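A short reminder: the numbers here are calculations on the coordinates, not readings from a lab. Since the structure is predicted, the reported quantities are computational estimates derived from the model, not experimental observations. So basically every Cβ, Gly included, is an ideal-geometry build from the backbone, and we count neighbours across all protein chains shown.
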Amino acid sequence: MMCPDKELISAWHDGETGRRWSEEITMHITDCEDCAAEAGRLDSLSILLHESKIPGEKEIRDRVYNAIERRRAVGSSEAFWRRHIDISMPVLLSAAAMLIVFFAAVLFAFQRLEAVPEVVEEIQPEPEISLQVISLEDAAAILLSDDSGFDVLITIPSGDALSVTGEPQLIREADYRRGE
Amino acid sequence: MIVDLSAQSGSLDLSYIENKKLSINMTTRILGDENETIWHMDSSKITVSGEAVKVKLSGGNLIVIANITPYLNSDNTLFLVAKGEIFMTDSADSEEVKYYTTLKSLPVTVGEKVIFFPLGMAYDSNSNFYSMEMEIQVQSVEDPDDSAKVE
């Protein structure tokens, strides 16, 4: 068997060749120093990768972290109006609708406020009535001097001769016999 | 802006009140020692059911305020309420005022006469005081337009 190329040896090393090719390459490698060396190199590389010992891994990680920190520092010092804000379209439309309703309500309220004073200005405040009634004598004096609020006014000619003679009564005329 | 209420009267339904107009006819009498009428005065006032007619009688040493309120029932009977208030002094020179108040009610029919004694009834004919009575008659007020319709 002639020496297989490196790609075929790599496929054999990874178990990706068929059974017939795998047996032939295995027999060849045992007899061929060059191919055995290539297989050994692949073994070393595989061991290295499995151990995750990437050369310079720490330096690479530090560089990535530093780059992230620098970008974050730049972003925090940026003016807020230059920042990018993600707002979905439904939220934006809802906010716009609420603003329109709010301004319409404010406009309506102002129109009503402008209309009310026109009526209020015509309403004259009622004059204050201050009656300092401190006694029955005062009440009687007010009643004597003020006839407003009564439907019928009668002046009794012989008031001096009248007096309370008992319990007030309200009776049917049919039940009343004068003098009895 | 002045609101013209007359312009709105067309929208007000006053038929309920119109159908309950009542006339309060009163005869106030002063009776002498022998219960003879020595003075009287007739007065009349139109009102509606539930609205009081306020009468003020004044003279000499007393003021009598009588509020007569008729309530018209659905069966066309009446419930008459009479409220009386009296302010009086013992004499014209006295400054001490006495106050009496009373509230009386009576179911009556339309046109029936009742008598209200705001100062009480003078049973004793020998008393030196005159007595006062108010004869009250409540009558329904016929609308001339309605009478014409009936005829």
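Give the shape of region A:6-50 as rounded, prolate or oblate, defined through the alpha-carbon gyration tensor: a ≥ b ≥ c are the square roots of its eigenvalues, a/c under 1.5 means rounded, and otherwise the shape is prolate if a/b is larger than b/c and oblate if not. Working shown, then result.
Numbers: a/c = 2.45, a/b = 1.30, b/c = 1.89.
Judged from the Cα gyration tensor, region A:6-50 comes out oblate (a/c at least 1.5, b/c at or above a/b).
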Choose one of A:His50, A:Gly18, A:Met2: the residue whose Cα lies farthest towards the positive end of the charge dipole of region A:1-56 (beta-carbon charges +1 Lys, Arg; -1 Asp, Glu; about the Cα centre).
-> A:His50
Counted neighbours (other Cβ, 10 Å), sorted fewest up, put B:Phe116, A:Phe103 in the order A:Phe103, B:Phe116
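For a 26 Å ceiling on Cα separation, which of these pairs sit above it: B:Lys21/B:Lys98; B:Lys20/B:Lys98; B:Lys20/B:Lys113?
On the way: B:Lys21/B:Lys98 36 Å; B:Lys20/B:Lys98 38 Å; B:Lys20/B:Lys113 19 Å.
Too far apart for the 26 Å limit: B:Lys21/B:Lys98; B:Lys20/B:Lys98.
Rg/Rh for region B:51-121: what does it come to with C-alpha atoms and Rh from Kirkwood? Write out the running numbers ahead of the final one.
Working: Rg = 14.8 Å, Rh = 13.5 Å.
With Rg and the Kirkwood Rh in hand, the quotient comes to 1.09.
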Can you list the HN-Hα couplings for region A:8-25, worked out from phi with the Karplus curve (6.51, -1.76, 1.60; θ = phi - 60°), rounded to whole Hz and with x for Gly and Pro?
-> 5, 5, 5, 5, 4, 4, 8, x, 9, 8, x, 5, 5, 5, 5, 5, 5, 5
The long-range amide H neighbours of B:Val110, using H built 1.01 Å from N in the peptide plane and a cut-off of under 5 Å, are B:Leu78
